[in-house]
Amino acid sequence: MYTLYYSPGTASMVVHLALLEIGAPHELRLVDFDTDAQHDPDYLRLNPGGVVPTLVIDDRALTESAALLMILAERHPEAKLAPLSGTPAHDAWTQWIVYLSNTLMSTYRLWFYPAELGSDDHDPAIRAALQKKIEGIWDRLDAHLKANGPYLLGAEFTGADLLLAMLMRWSRNMPRPVSEWPALNRLAALIRARPSWQRLYQIEALSGW
């Protein structure tokens, strides 16, 4: 049994999707951002950063969505969220997850939380720079998928595609959403058609892209 502390549509989404793909028993505990529950002392004892997700495994509270995806994939090889360890495909899988975490997720953090750069709202030049960086990442990913897709590792779906789909969803209200990149848009359609994605939307009461 896993226990996932989550908030709808946030970085916990990929961990929730992985649990649904695996079919492992799990309990969901909502961290209500509207009531600042992420800063409740009880929650901070689990996750000192005051963010989601937190996944409790064997009474151990673990954090970082990309790391949790990797942990679940390794614990449940039958779900095929990751290629076989020690293969070139597994090396590529690890590379893409770290790339998405280090480049896209970290830049999104600054895009959505300007206070982390010291102001209530972005200076136009900083906002433009962040947008340019995110769009540059889309350019690289779209080119890769055009040449090697439809998934990050080619013909086979993996958990890395779940992480990418979550991050693509976050672009929906940006000046240039990811739907404007054809190969990425194709991948998004493939992931949205998966039962895990549709089930998550029901559970988390999400709508739209």
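The values are calculated or read from the model by the stated rules, or taken from the named source; none is laboratory data. On a predicted model such as this, the values are computed, not experimentally measured, just so you know. Counting neighbours? That spans all protein chains shown, and the Cβs are built from the backbone with ideal geometry, glycine included. Ligands, DNA and RNA are stripped out before the accessible areas are found, and what is left, the full protein with its side chains, is counted by its heavy atoms. Shrake-Rupley method; radii C 1.70, N 1.55, O 1.52, S 1.80 Å.
Descriptive notes on the structure:
- Counting the residues of the stretch 78-119 that are among the basic types (Lys, Arg) and over 17 Å from residue 161 (Cα atoms) gives 1.
- Any chance residue 163 is hydrophobic (A, V, I, L, M, F, W, C), closer than 20 Å to residue 79 by Cα and touching a Ser or Thr at 6+ places or on another chain (Cβ under 9 Å): yes
- Test: residue in the stretch 143-164 that is in contact with a strand residue (DSSP E or B) (Cβ under 6 Å, 6 or more places away or on another chain), buried (at least 20 other Cβ atoms within 10 Å of the Cβ) and under 22 Å from residue 13 (Cα atoms): yes
- Filter pass, residue 209 being open to solvent by 30 Å² or more (accessible area, probe 1.4 Å), within 17 Å of the chain's Cα centre (by Cα), touching a residue at least 60 places away in the same chain (Cβ under 8 Å) and under 19 Å from residue 17 (Cβ atoms): no
- Within the stretch 165-199, considering residues that are among the small types (Gly, Ala, Ser) and surrounded by fewer than 19 Cβ atoms within 10 Å (Cβ to Cβ), the one nearest to residue 129 (Cα to Cα): 179
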